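The values are calculated or read from the model by the stated rules, or taken from the named source; none is laboratory data. What you see is a predicted model, and the numbers here were worked out from it, not measured in a lab. Don't worry about glycine lacking a Cβ; one is built from the backbone with ideal geometry, like all the others, and counts go over all protein chains shown.
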Amino acid sequence: MSDDELIWRIAGGSGDGIDSTSQNFAKALMRSGLDIFTHRHYPSRIRGGHTYVEIRAADHEVQSRGDGYNFLLSLGDSFARNPQEDAYYGNEEIKPLSENLDELREGGIIVYDEGLISEEDVDAIDLEERAEENNWHVFPMDLRGLAREHGREVMRNTAGVGVTAALLDMDLEHIEDLMSDAMGGDILESNLEILHEAYETTREEYEFEHDLRAPEGTHETEQALLSGSNAIAYGAIDGGCRFIAGYPMTPWTDVFTILSQNFPDMGGVSEQVEDEIAAAALAVGASHAGVKAMSGSSGGGFALMSEPLGLAEMTETPLVLVESMRAGPSTGMPTKPEQSDLEFVLYTSQGDSSRVVFAPGTIEEAYEQTRLAFDIAWEYQIPTIIIYDQKLSGENTNVDVEFFDREPEPGLGSTLTEEELKEAAHDASGKFERFGYDDNERNVSKRSLPGQKGGRYLATGNEHSPVGHIEEDSDNRVFQMTRRLEKLDSIREELDEDHPSNQTYFGDETADYGVITWGSSQGAVVEAVSRLNEAGHSVKGISVSDMMPFPETEMTEFLESVDEAMVVEMNGTGQFRGLIQKELGRFGEKLTSLLKYNGNPFEPAEVVEGYEVNVAEEDREPTAQVRIEPAAGD
Amino acid sequence: MSAFNAIGEEREIDRDEFTPGVEPQPTWCPGCGDFGVLKSLKQALPEVGKTPEEVLTVTGIGCSGKLSSYLDTYGFHTIHGRSLPVARAAKLANPELEVIAAGGDGDGYGIGGNHWIHTARENHDMTYIVFNNEIFGLTKGQTSPTSPKGHKSKTQPSGSAKTPLRPLSMSLNAGASYVARTAAVNPNQAKEIIKEAIEHDGFAHVDFLTQCPTWNKDARQYVPYIDVQESDDYDFDITDRREAAEMMHETEDVLNEGTVLTGRYYVDEDRPSYQEEKSAVGELPDEPLVERYFDDDAEWERSYDLLDRHK
């Protein structure tokens, strides 16, 4: 926890405009020169229920939501189901205030809409006493009244931003610019009036006794604020993808939406179809015909894709799928993150699996690895899956604009042209040996596309001969099966030799205690390790993205270099820890797990505590909702 | 210049080109109606000017699924019930391809029913042939969605309590713009119907009665058949949805009583295909999408140019 950062939480009812307000405020902070990380918490409902967005802003890189927060703007819930009664559910209007207090740091600021939340209700939750205990600074403001006076009630979030800016001593310039970009006419005018009025009123009405101010920073290069879903969609665009088929499901819908909105202007095609079986089957069909295609879903929908995924493996049809995990099993908690689909994504579909799976941990990795997924899928004719989660999907961070300034890669990999087909092997009847014996060392047999002259063959989900006919001969079976499976070895080799590592290393290189994580938990773990290092603990960390083919060499080196390691992941069974042991066949005695599956991502402090409990004070139970699984034999 | 020169090639086409030169020989049982589908396709394709390499035959699983093995075109033998989503995406990716999807009654009307309804609804420009033998053949004779009520099999030992599905009526309701029924025992009509279906711009559904001499011995061999266009007993307008619906209903009813009615049931030449509809709203490129990947001069948009909205 550092003092030079702002963690601003805006809380209200679903429908109170929390998303758009926070998006603009985050951009304003970014434009002022700060680094940003946002975290979104929302219920699986259309209206009603409480939602909040946190914006963490600092003059240094921020990689997680941080611990707790220090500024609450509570709008109250204007869509509360039972505003006037506090019967069974209690009064809902105040919940965006009352339910957010536990995580507010000492010395923090509270602004709430006294136009919506009544004095009585505030008294009932003992806000004054709690504020005194925690040294909170409380600013009741009539945001609703301000909004009504100069515009409409829905603009009370603008009033809240004005109050925030006043209390944090922020310049209004960036906020005004962003408003002007987003709206015009009377609406813009009203909003600007409300913003200024709120700003001035706050300064006039209150003497500021709080210390918190907006941090000051500068960026040397231009920044863009992006979510993981943006990054995956942009990686696909730059990887040459121009076909997507899907069916809506939270949280994967974001990627589907972004590409559906962009593809028409890029000559691409998006199809919303009857179910996820069809979605993945369409991607297979489009890819078979020669287009770089993708599909995706979240857990439940991905379950329906098992069959077409297996078909793509057997027919060696290039394909990219994305799987946005959420808390399971079954419908689980649709809007809450979890990392519990790893084993499912690695192995679903009948038979031995041959697929590539990447789990990006940051916005940049999400872009990089999606691009790479298209390269690998089309070069090696293998399904490649990006596994991520609700956390990475929705969090926004700032990225150097220049990071994206690179050439697209639309090539079709190991696909032949008609010219090349003339030289390729054919059987006596002129059928192209698509799955041929003229093997090269990478185990890839080049493909043709329907409509090409001289490329005729059969693709089939049955075991097949070189021209694609159904064939159960044992020699052919062993040849084809081995070739398909060994493509993964070729891919591992290429990843090790020709690409910078997809794994992220951090902490004290000489340490003999390791922290291991994967996917979207990376940021919180990186921060935790850095705090442990600052506190004098010798710890290092690795965040893994290559789930399959497994980075055997890198993991072995890491684990050999430490005496003990703690695997941090958001699930209840330690799936990645299990994968390490399965792939490496040892190290069971070195590995403990820190698991969390309460619907919220790890905060750095929880990882720090996990380390302390594991290493320093073995008898203590963690205070957070996490679980420690000891090493084998312990 | 196209990267797909098999498409639109003008030349004499021999029906033997559609027979695999080396292997495989069909493994269908002697007397199987599936031979009738294969034969009618081999006759129809050259007559409508299609070469083997501009046709993509996409099949499901079952005896019918083997069609793509025995018809020597580009082929994709997919998984049970999923031929249609694979086929329609291939058509969207390359609208110049002649796409023919095929499967059995279990494949199309049972496990793949959802895809059938939606492909018809969207009116994708393709031909869909359903080998309807009113039974599961490859798994050895279980009751299928089109088996008559009371049909006894190993899995329905007391006789099926279910009324058979109405393939023609359902296709019409779902939105198919060409619906016909033919039978393997009527090769001339079959060939003509297949030709019409291929040439139709939209979703053309052919319910093809294919007798199963092995597992459905008790059933009729679909003889004698009656062509509803040729018989004087039937008079209806195939462009009139209501009249077509009535005729379909009757056809489905009498099949189980032993009267085999076949012919064209509904043709709507005015309904735009899905490809046309999607182009009209600006969501399908004018040039086949796949050609772009072979065009060295193509300009590829990049995400860098989308970043303004994030700044």
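Quick rundown of the values:
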| quantity | calculated |
| --- | --- |
| Sole exception among (1) within 15 Å of A:Gly296 (Cβ to Cβ); (2) part of a loop (DSSP other than H, G, I, E, B); (3) out of contact with any strand residue (DSSP E or B) (no Cβ under 6 Å at 6 or more places or on another chain) for A:Glu207, by number | (1) |
| Residues (farther than 20 Å from A:Thr221 by Cβ and surrounded by 18 or more Cβ atoms within 10 Å (Cβ to Cβ)) located in region A:24-44 | A:Asn24, A:Phe25, A:Thr38, A:His39, A:Arg40, A:His41, A:Tyr42 |
| Selection from region A:530-545 of residues that are in contact (Cβ under 8 Å) with a residue 40 or more places away in the chain and either closer than 15 Å to A:Leu594 by Cα or buried (at least 24 other Cβ atoms within 10 Å of the Cβ) (or both) | A:Leu532, A:Val539, A:Ser543, A:Val544, A:Ser545 |
| Index of the failed condition, B:Gly49 passing every other in (1) more than 14 Å from chain A (Cβ to nearest Cβ); (2) in a helix (DSSP H, G or I); (3) over 24 Å from B:Val223 (Cβ atoms); (4) of a type in the set (Gly, Ala, Ser) | (2) |
| Selection count where residues are of a type outside the set (Gly, Ala, Ser) and surrounded by 24 or more Cβ atoms within 10 Å (Cβ to Cβ), scope region B:99-119 | 8 |
| Filtered residue count, region A:494-523, keeping only those that are in a loop (DSSP other than H, G, I, E, B) and either under 23 Å from the mean Cα position of the chain (by Cα) or surrounded by 20 or more Cβ atoms within 10 Å (Cβ to Cβ) (or both) | 5 |
| Residues satisfying the stated conditions in region A:192-239, i.e. hydrophobic (A, V, I, L, M, F, W, C) and either free of Cβ contacts under 8 Å to residues at least 12 places away in the same chain or more than 14 Å from chain B (Cβ to nearest Cβ) (or both) | A:Leu192, A:Ile194, A:Leu195, A:Ala198, A:Phe208, A:Leu212, A:Ala214 |
| Odd one out for A:Gln452 among (1) modelled with pLDDT of 95 or more; (2) more than 7 Å from chain B (Cβ to nearest Cβ) | (2) |
| A:Ile94 being under 20 Å from A:Asp16 (Cβ atoms), in contact with a Gly (Cβ under 9 Å, 6 or more places away or on another chain) and modelled with pLDDT of 90 or more | no |
| Filter result (within 8 Å of another protein chain (Cβ to nearest Cβ) and under 12 Å from the mean Cα position of the chain (by Cα)) within region B:57-83 | B:Val58 |
| Number of positions in region A:550-574 that are touching a helix residue (DSSP H, G or I) at 6+ places or on another chain (Cβ under 9 Å), in contact (Cβ under 8 Å) with a residue 60 or more places away in the chain and surrounded by fewer than 22 Cβ atoms within 10 Å (Cβ to Cβ) | 4 |
| Residue that is farthest from B:Leu84 (Cα to Cα), among those in region B:279-311 that are touching a strand residue (DSSP E or B) at 6+ places or on another chain (Cβ under 9 Å) and more than 8 Å from chain A (Cβ to nearest Cβ) | B:Asp308 |
| Options A:Glu153, A:Glu207; residue that is surrounded by fewer than 20 Cβ atoms within 10 Å (Cβ to Cβ), among the charged types (D, E, K, R), under 22 Å from A:Ala131 (Cα atoms) and at pLDDT below 95 | A:Glu207 |
| B:Glu252 vs. criteria of a type outside the set (A, V, I, L, M, F, W, C) and either crowded, with 19+ Cβ neighbours inside 10 Å or at pLDDT below 95 (or both) | yes |
| Residue satisfying condition, being exposed (fewer than 10 other Cβ atoms within 10 Å of the Cβ), free of Cβ contacts under 8 Å to residues at least 12 places away in the same chain and assigned to a helix (DSSP H, G or I), within set B:Asp308, B:Asp270, B:Asp286, B:Asp296 | B:Asp308 |
| First in region B:14-25 and closer than 16 Å to A:His426 by Cα, second anywhere and loosely packed, with under 12 Cβ neighbours inside 10 Å, Cβ under 6 Å, 6 or more apart | B:Val22/A:Ala428 |
| Criterion violated by B:Glu230 - all others in (1) in contact with a strand residue (DSSP E or B) (Cβ under 8 Å, 6 or more places away or on another chain); (2) surrounded by 20 or more Cβ atoms within 10 Å (Cβ to Cβ) satisfied | (2) |
| Extreme residue, nearest to B:Asp295 (Cα to Cα), among residues of region B:14-46 that are within 14 Å of another protein chain (Cβ to nearest Cβ), of a type in the set (A, V, I, L, M, F, W, C) and assigned to a loop (DSSP other than H, G, I, E, B) | B:Val22 |
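A quick yes/no check of all residues on (1) within 26 Å of A:Phe550 (Cα to Cα); (2) among the hydroxyl-bearing types (Ser, Thr, Tyr); (3) out of contact with any helix residue (DSSP H, G or I) (no Cβ under 6 Å at 6 or more places or on another chain); (4) more than 10 Å from chain B (Cβ to nearest Cβ):
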{"residue": "A:Ile387", "(1), (2), (3), (4)": "yes, no, no, yes"}
{"residue": "A:Glu395", "(1), (2), (3), (4)": "no, no, yes, yes"}
{"residue": "A:Tyr437", "(1), (2), (3), (4)": "no, yes, yes, yes"}
{"residue": "A:Lys446", "(1), (2), (3), (4)": "yes, no, yes, yes"}
